[in-house]
Amino acid sequence: MEFFENDPDLPPEVEDVEVTRRNNTLILKAVAADDNLSKYTPTAQLKASVTENRVYEEEPPRAGAPRWGEEEEEIPSELVEFACFKGDRETVLQNTALQYPMFLVLRELAMIAEKGTLTAITEFDGELAATRIVEGEERPATIEVVENPSKSGSGGGGVNWRDNKFIS
């Protein structure tokens, strides 16, 4: 990934990020700066699917539009690979060791992204923080902590595991 080739500023807990590609999956794994972290402890990793899109220098003509006697001209384009960090929680950010520092790396990637949204609530040093980044631009985000959930019945649709006749 171009981002990591340019030697980005990483959180102090992360010495480096190993970039591995397996078929259409990109894995970004944190390398701990702390030698006390066991080499057998899985560090946090970001997982993305890789897709290819054709990017045109100008808008391509619409399919089916009449072209009266015009010679068809090829519009300059290139095939570009994109890393798509899609999903929630463990789908994107896996393993707990160095999880918050790797979230900060994901946040930096979202700030340079042309498309997509990153929405998260994080806890660091006992403080909750809301993050929302849309197409590379930070947007306002808030957290509302409710002491008593509403009793309007909206949360009562779950499975009652204690009295479930299918579990013996």
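The values are calculated or read from the model by the stated rules, or taken from the named source; none is laboratory data. Keep in mind that what you see is a predicted model, and the values were worked out from it rather than measured. So basically every Cβ, Gly included, is an ideal-geometry build from the backbone, and we count neighbours across all protein chains shown. Note: areas computed on protein heavy atoms with side chains; ligands, DNA, RNA excluded. Shrake-Rupley method; radii C 1.70, N 1.55, O 1.52, S 1.80 Å.
What's the FRET efficiency of Arg107 with Asn23 using the Cβ-Cβ distance as r and R₀ = 35 Å, to the nearest 0.05? Step by step, r from the Cβ atoms, then E = 0.85. The order of Thr20, Thr96 by accessible area, most exposed first and with a 1.4 Å probe, is Thr96, Thr20.
In this structure Glu2 has an accessible area near 140 Å², from a 1.4 Å probe over the protein heavy atoms. Listed by chain and number, the aspartates and glutamates whose alpha-carbon sits under 17 Å from that of Lys86, ignoring those within fewer than 8 places in the same chain, are Glu52, Glu108, Glu114, Glu135.
Could you sort Leu104, Leu98, Leu128 by their accessible area in this structure, using a 1.4 Å probe and putting the largest first? Let's see the in-between values first.
On the way: Leu104 55, Leu98 35, Leu128 100 Å².
From most accessible down to least: Leu128, Leu104, Leu98.
Counting only protein heavy atoms and using a 1.4 Å probe, the accessible area of Thr131 comes to about 10 Å². Placing R0 at 30 angstrom, the Cβ-Cβ distance between Phe4 and Ser38 gives a FRET efficiency of 0.80 after rounding to 0.05. When the surface is traced with a 1.4 Å probe over the full set of protein chains, Ser77 keeps roughly 50 Å² accessible.
Largest first, the residues Ile27, Ile143 sort by 1.4 Å accessible area into Ile143, Ile27. Estimated from the Cβ-Cβ distance and a Förster radius of 25 angstrom, the FRET efficiency linking Leu79 and Glu137 is about 0.40.
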